[in-house]
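Below you'll find the structure, written out as C-alpha cells, and then a few comments.
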Amino acid sequence: MHGPAMSGWLLMALCAVTGAYCLLRARCGSGEERRTAHAEALMGFAMAAMAVPAAAVAPPAWGWASYTVLFGVAALRALWFSRRGSHHLHHLVGSSAMVYMSVVMARSGGAGHGAHAPHAMTVAGGVPLLTGLLLAYYAAYVLRSGARLIPAATAGDGGGAAAVATVTGGAATGGAVGGDWGARPELAMACRLTMGIAMFAMLLTL
C-alpha cells in the first residue's frame, strides 16, 4: 500500500478522526454549537468515506447520487441557518463543494479522486472556473485558520490567555482550557483546518 493509495488512506484517517472529535464536541455547548458540531461531523465522516481508495473498496453505483442528495439537503440547511450566524455560510460552501465533487465523480463513472486512483486525472473533470474558485476559497480558509491557531506573540504572563482569546474570537474562559476535550476551541479550529486541507486536496484532483 503506497503512492496514491497511501494518500487516500491517510486522508480517510484524518477525516474520520476529525468527524469523531466533532461528535465529541456535540455533547457540550449551546444548541447552536451542537448544530455546528453535528454539521462538521457529517462533513468529516462523508469526506472519510469519499477518501477510501477505490482500489480497496469500489463505491456502489448509487453512492455518488446519495452524496449529492445528502449534501444538497445539508446545503439547504446551512443556507437556512445562515440567518443566525455567518459561520453557516462556510458549511454552505462545504456542502456545495461535496455536491459538486459527487456530480463530477458520478459523471466520470465513479473512478474516484486522484488520491484514490492513479488514473483519475484522465477520467474526472469538473468545471475549471468553479474548481478554481473553490480552491481559492479553501486556500484562503486554510491560511486564515492556520494563522488563528498560531499563538499571538505577547510578552509577560498574558500570552496564554491571549492565545485562547485569539482562537475563540473573544475573552479566554476557564471552560475553554479545562479538562473537557469537547470544549477545547483550539482543537475545534484544528479540526476545521484539517477538513479545509482535505477538501483542498480533493478539489485538486478534479
Item to complete: Could you list all residues from the stretch 29-57 that are assigned to a loop (DSSP other than H, G, I, E, B) and either among the β-branched types (V, I, T) or in contact (Cβ under 8 Å) with a residue 12 or more places away in the chain (or both)?
Response: G29, V52, P53, A54, A55, A56, V57
Response to the item:
Taking the stretch 37-57 and keeping only residues that are surrounded by 18 or more Cβ atoms within 10 Å (Cβ to Cβ) and farther than 17 Å from M105 by Cβ, one is left with A37, A39, E40, A41, L42, G44
Worksheet entry | Scope the stretch 1-36; condition under 23 Å from A201 (Cα atoms), in contact with a helix residue (DSSP H, G or I) (Cβ under 6 Å, 6 or more places away or on another chain) and open to solvent by 60 Å² or more (accessible area, probe 1.4 Å); matching residues | L14
Worksheet item: Out of curiosity, is A153 at pLDDT below 50 and open to solvent by 40 Å² or more (accessible area, probe 1.4 Å)?
Response: yes
Discussion item. Condition (residue is at pLDDT 50 or above, assigned to a helix (DSSP H, G or I) and more than 21 Å from the chain's Cα centre (by Cα)) applied to the stretch 107-124: is it met by at least one residue?
Written reply: yes
Worksheet item: Which of the following residues is of a type outside the set (G, A, S), at pLDDT 70 or above and assigned to a helix (DSSP H, G or I): V142, V167?
Response: V142
Worksheet entry | Qualifying positions in the stretch 58-78 - among the aromatic types (F, W, Y), in a helix (DSSP H, G or I) and either at pLDDT 90 or above or open to solvent by 80 Å² or more (accessible area, probe 1.4 Å) (or both) | Y67, F71
Item to complete: State the number of residues belonging to the stretch 183-200 that are at pLDDT 90 or above, crowded, with 20+ Cβ neighbours inside 10 Å and more than 17 Å from H87 (Cβ to Cβ).
Response: 1
Practice prompt. Starting from residues that are polar (S, T, N, Q) and in a helix (DSSP H, G or I), keep the ones in the stretch 79-96 and report whichever is surrounded by the fewest Cβ atoms within 10 Å (Cβ to Cβ).
Written response: S96
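The values are calculated or read from the model by the stated rules, or taken from the named source; none is laboratory data. Predicted model, so just to flag it, every value in this text is computed and none were measured. Here Cβ is always computed from backbone atoms with ideal geometry, including for glycine, and neighbour counts include all displayed protein chains. Side chains are part of the model used for accessible areas, which takes the heavy atoms of the whole protein and leaves out ligands, DNA and RNA. Shrake-Rupley method; radii C 1.70, N 1.55, O 1.52, S 1.80 Å.
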